[in-house]
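First comes the structure, then the notes that go with it.
The values are calculated or read from the model by the stated rules, or taken from the named source; none is laboratory data. Just so you know, these numbers come straight off a predicted model, no measurement behind them. A quick note on method: Cβ atoms are made from the backbone with ideal geometry, for glycine too, and the neighbour counts reach across all protein chains shown. Just so you know, the surface numbers come from the protein's heavy atoms only, side chains and all, with ligands and any DNA or RNA stripped out. Shrake-Rupley method; radii C 1.70, N 1.55, O 1.52, S 1.80 Å.
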Amino acid sequence: MMKRVPTVPPMDGLRRHIRNSRMNKGAGQGDSFVRKTYRLPRTVAREKAQEWFKSWPKAAYWTEVESWRQLPDNQIEFTMRRLPTAD
């Protein structure tokens with residue numbers, strides 16, 4: 001009786017899908033949102049986010065802080081997201 005050796009499925013398709021997904025996500029493709037990433041001191045970062053909400057109100061543009069993280073030296077890196085128009 002021969003032992004069956006488990007076969008590993010080919011990973012090319014998965015690798016291609018992940019690569020394409022990452023490329024599209026990084027380019028902001030796949031949705032219609034406008035994104036901008038900043039790296040600023042904490043107080044300036046807060047002012048910049050408030051500026052976005054004042055310029056593009058959340059109710060009309062779905063403006064939001066999409067992601068943020070605290071960096072050394074009291075720096076904040078954050079990504080703002082909004083719709084291109086209020087239509």
TODO: Please state which of the following conditions LYS54 fails to meet, knowing it meets all the rest: (1) among the basic types (Lys, Arg); (2) out of contact with any strand residue (DSSP E or B) (no Cβ under 8 Å at 6 or more places or on another chain); (3) open to solvent by less than 60 Å² (accessible area, probe 1.4 Å).
DONE: (3)
Open item on the list: Can you tell me how many residues within the range 57-87 are on the phi > 0 side of the Ramachandran plot and surrounded by fewer than 13 Cβ atoms within 10 Å (Cβ to Cβ)?
Closed with: 2
Open item on the list: Six or more apart or on different chains, Cβ atoms under 9 Å: show the pairs whose first residue is in the range 50-65 and within 15 Å of THR37 (Cα to Cα) and whose second is outside any helix (DSSP H, G or I) and open to solvent by 80 Å² or more (accessible area, probe 1.4 Å).
Closed with: TRP52/LYS36
- [ ] Within the range 59-77, count every residue that is more than 17 Å from the chain's Cα centre (by Cα) and within 14 Å of LYS48 (Cβ to Cβ).
- [x] 1
TODO: Can you give me the number of residues within the range 1-31 that are under 30 Å from PRO84 (Cβ atoms), surrounded by fewer than 10 Cβ atoms within 10 Å (Cβ to Cβ) and modelled with pLDDT of 70 or more?
DONE: 0
